[in-house]
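Read the structure below first, then the notes.
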Amino acid sequence: MTVADKKKDLLDKADKGYGFEDLVRVVEVLRSEEGCPWDREQDHKSIRKDFIEETYEVIEAIDTDDPVLLREELGDVLLQVVFHAQIETEKNVFTVDDVANDICVKLIHRHPHVFGDVLADTSEKVLSNWEIIKSEEKERVTLTDKLRAIPPMLPALMRAQKVGKKASCFDFPDADSVVEKIYEELDELKTAMLGKDQDEMSEELGDLLLTVTSLARKIGVDSELALSKATDKFINRFEQVENAVLAEGKDINTLSMPELDAIWDKNKQK
């Protein structure tokens, strides 16, 4: 089928609706010589950031419990998957069908309690089996192999918490022990700050943050989500303070911290 035929076929389906195969065909057309110059110029690295952004927009739709937005954003993520697969199809490396095949094979293999005769009647047992099978597939023999397999591109807090969870054999006994370690790390950071050595301060701050993620694990809190919520709370509080300042006809940039704190305390009482 020529590109012109593909275009006509897609346009003819406008009133009937489209499916997954049509999405693949749309991307084929966009990447063709008769398609879009921008789409044709892209490669894996040039649209890497787009994939990340689209994924976070899906997360936003989930967090805001917005099914309409979720439907749209899942489509954008699906486009990224098809687009990357199309790039490899053009190089005769693999197709989107190969991608679908591989994930089907993986899911069947990692669910022997569904597709085989393995017994796993709890979620905990399922996850345990999953990790064992995954390690066998990836030939990860040591615990260090598993730690290094955690993607370094993950958000730092998320990665730190995952590493700590997998290295549970080398962990604090309880939350109180972690709190004591936090104070110790904070003292070391203060010492580094006195020396004003940028590398040392960075290292000690990193140790402090890593220890905080350990505390998050111990008390059952997702550190990435907790920080995100704290940031949202700060923005909301800042908005209240700024609105109060504007209501008094003042410029927030010209006020001191004590003045802003006083406005915040007054606003909080209201």
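It is to be established whether one or more residues within the range 213-222 are under 17 Å from the mean Cα position of the chain (by Cα) and aliphatic (A, V, I, L, M). Yes, the range 213-222 contains a residue that is under 17 Å from the mean Cα position of the chain (by Cα) and aliphatic (A, V, I, L, M). For the range 35-43, the criterion of a residue being out of contact with any Cys (no Cβ under 6 Å at 6 or more places or on another chain), farther than 30 Å from S228 by Cα, basic (K, R) and open to solvent by 40 Å² or more (accessible area, probe 1.4 Å) is satisfied by at least one position. If you check every pair at least six apart or on different chains, which have Cβ atoms under 8 Å apart with a residue in the range 104-120 that is outside any helix (DSSP H, G or I) first and a residue that is surrounded by 14 or more Cβ atoms within 10 Å (Cβ to Cβ) and among the polar types (S, T, N, Q) second? Once the first residue is outside any helix (DSSP H, G or I) and sits in the range 104-120, its partners that are surrounded by 14 or more Cβ atoms within 10 Å (Cβ to Cβ) and among the polar types (S, T, N, Q) give R110/N129; V118/N129; A120/N129. Residues of the range 145-182 being open to solvent by 50 Å² or more (accessible area, probe 1.4 Å), over 20 Å from the mean Cα position of the chain (by Cα) and at pLDDT 90 or above, which ones? Across the range 145-182, the qualifying residues are F172, P173, D174, D176, V179, E180, K181.
Of the residues that make up the range 31-44, is at least one of a type in the set (F, W, Y) and assigned to a loop (DSSP other than H, G, I, E, B)? Scanning the range 31-44, I find no residue that is of a type in the set (F, W, Y) and assigned to a loop (DSSP other than H, G, I, E, B), so the answer is no.
Does V77 satisfy the criteria of being in a helix (DSSP H, G or I) and surrounded by 11 or more Cβ atoms within 10 Å (Cβ to Cβ)? Spelling it out, V77 is indeed in a helix (DSSP H, G or I) and surrounded by 11 or more Cβ atoms within 10 Å (Cβ to Cβ). For D207, the stated conditions hold: it is of a type in the set (D, E, K, R), out of contact with any strand residue (DSSP E or B) (no Cβ under 8 Å at 6 or more places or on another chain) and under 30 Å from S177 (Cβ atoms).
The values are calculated or read from the model by the stated rules, or taken from the named source; none is laboratory data. Since this is a predicted model, take the numbers as computed values, not measurements. Cβ atoms come from the backbone with ideal geometry, glycine included; neighbour counts cover every protein chain shown. Calculation scope for accessible area: heavy atoms of the full protein, side chains included, ligands and nucleic acids excluded. Shrake-Rupley method; radii C 1.70, N 1.55, O 1.52, S 1.80 Å.
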